[in-house]
1. With the requirement that a residue be near ligand 1 (Cβ under 10 Å from one of its atoms) and either at positive phi or not charged (D, E, K, R) (or both), what does the range 239-248 give you?
2. Which one is modelled with the lowest pLDDT among residues in the range 243-275 that are open to solvent by 20 Å² or more (accessible area, probe 1.4 Å) and within 16 Å of ligand 2 (Cβ to nearest atom)?
3. Mind checking whether some residue in the range 115-123 is among the β-branched types (Val, Ile, Thr), open to solvent by less than 20 Å² (accessible area, probe 1.4 Å) and modelled with pLDDT of 90 or more?
4. Among the residues that make up the range 146-169, is at least one of them under 16 Å from the mean Cα position of the chain (by Cα), over 24 Å from Tyr81 (Cβ atoms) and at pLDDT 95 or above?
5. Applying the selection to the range 223-237, what residues are away from ligand 1 (no atom under 13 Å from the Cβ) and crowded, with 20+ Cβ neighbours inside 10 Å?
6. Given the condition at pLDDT 95 or above and either closer than 24 Å to Glu165 by Cα or open to solvent by 40 Å² or more (accessible area, probe 1.4 Å) (or both), answer yes or no: does some residue in the range 276-294 qualify?
7. Please enumerate the residues belonging to the range 140-184 that are part of a helix (DSSP H, G or I) and among the basic types (Lys, Arg).
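The values are calculated or read from the model by the stated rules, or taken from the named source; none is laboratory data. Predicted model, so just to flag it, every value in this text is computed and none were measured. As a convention, Cβ positions derive from the backbone with ideal geometry for all residues, glycine included, and neighbour counts pool all protein chains shown. Areas reflect the complete protein model, heavy atoms only, side chains present, ligands, DNA and RNA absent. Shrake-Rupley method; radii C 1.70, N 1.55, O 1.52, S 1.80 Å.
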Amino acid sequence: MEAIDFKKLLLEERKKSKKRSVKPPCNNDDDPNQSRLYTHQQDDDATTNDGLSTSPKAAVSADPPLSWQQSTKRKIPTWSYPPGFLSLKAVALKIICDDPPTISYSSTSFLHHPSNDQSSGTTQSARSSIDPINNSKSNEKQVSPSQALETWLARIPSGDSGIGEWKTMSFGKRRVCMFVVGEPQETTSPSAQRTSLQSSSSLPPPLEELAQELVEQGIFAPETRPNHVLLNEYQPGQGIMPHTDGPAYYSRTATLSLCSPVVMEFTPRQQQQQTIMTETSNKPMPPLQVLLEPSSLLVFQDDAYLEYCHGIPMDVWQDTTTDHCLNTSANQTIHRGFRYSLTFRHKKETCLER
Ligand SMILES: O=C(O)CCC(=O)C(=O)O
Ligand SMILES: [Fe+2]
């Protein structure tokens, strides 16, 4: 069994939207936990390791080719805030799980930087050059880092490629957008030509700043600095199938959540589900839950990255926490609204097809 990845997910969701049926390969219809577990055991051969490359098998797929090459003219919205505006210095990551002890969470990510409160020329002129979220001038200073980031995300244009532009997933209907750092390279290889069209030498300013902060906070080492950011936009009720982020990336991921809270579930991967049972029954262990609050940061790595699937139940408008929720008490109802997530990862160099 191998892991899901961005392009794979697009292919899978397109297939499933055609079939109008969702039947996971490991399906056990009697068990809601297993029926939510989506893995890719049966057709891993067609799996690509990332959203940039196209495997020969994927290329001969019956599905129409994905339009990865169309994103040559991205209109990335400008970011007018001063450096440091998105400071993550307040991140207080805590390990929230004993087994696997590789899930960490910080309920607050952004530090309200002191310069944000000053009426310095730089800050004020930067603010006045963007659409105010609040109407009055004096409220400009009240724009929080998360509000500013939300505004920037909302301005990213839509497009078919999903690279530097929002693409609507055909099955889940959520929108996704990917930014990748990589040096363009001249080559005659078709897949590498795609890479050269899609890669850029840096992330857009707010994502670059956040990536730098994640390094400064020790969440990523300089040598595994995030070079890949996947944005997800969820309407109320939307989710993401259980998946792993895959071997194309260094096995650590940091996800910043904005807007609505939601509950993420971690489930042991398929082969483990058959052996890890609760002591009192033959049923697989219930999923571990993490409440993702607005402006929080979730980091998971190693075992949680490699041996567990993570997902957000789909077609659910409110989550109920269980006693397997790692960061809040059981029996809480979490109403889902509109939500953004920004997932930072380090894509391994070999997977950038340089
Ligand atoms: O939206 C989230 O919090 C999770 C996103 C995710 O798992 C992914 O994009 O791989
Ligand atoms: Fe993921």
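1. Gly239, Ile240, Met241, Pro242, His243, Thr244, Gly246
2. The residue in question is Arg269.
3. So the first thing to find is which residues in the range 115-123 are among the β-branched types (Val, Ile, Thr), and the list is 122-123.
From what is left, the residues that are open to solvent by less than 20 Å² (accessible area, probe 1.4 Å) are 123.
Add one more test, that the residue is modelled with pLDDT of 90 or more, and what stays is none.
Looking for residues that are among the β-branched types (Val, Ile, Thr), open to solvent by less than 20 Å² (accessible area, probe 1.4 Å) and modelled with pLDDT of 90 or more, one finds none in the range 115-123, hence no.
4. Yes.
5. Pro226, Asn227
6. Taking every residue of the range 276-294 in turn, at least one turns out to be at pLDDT 95 or above and either closer than 24 Å to Glu165 by Cα or open to solvent by 40 Å² or more (accessible area, probe 1.4 Å) (or both).
7. Within the range 140-184, Lys141, Arg155 qualify.
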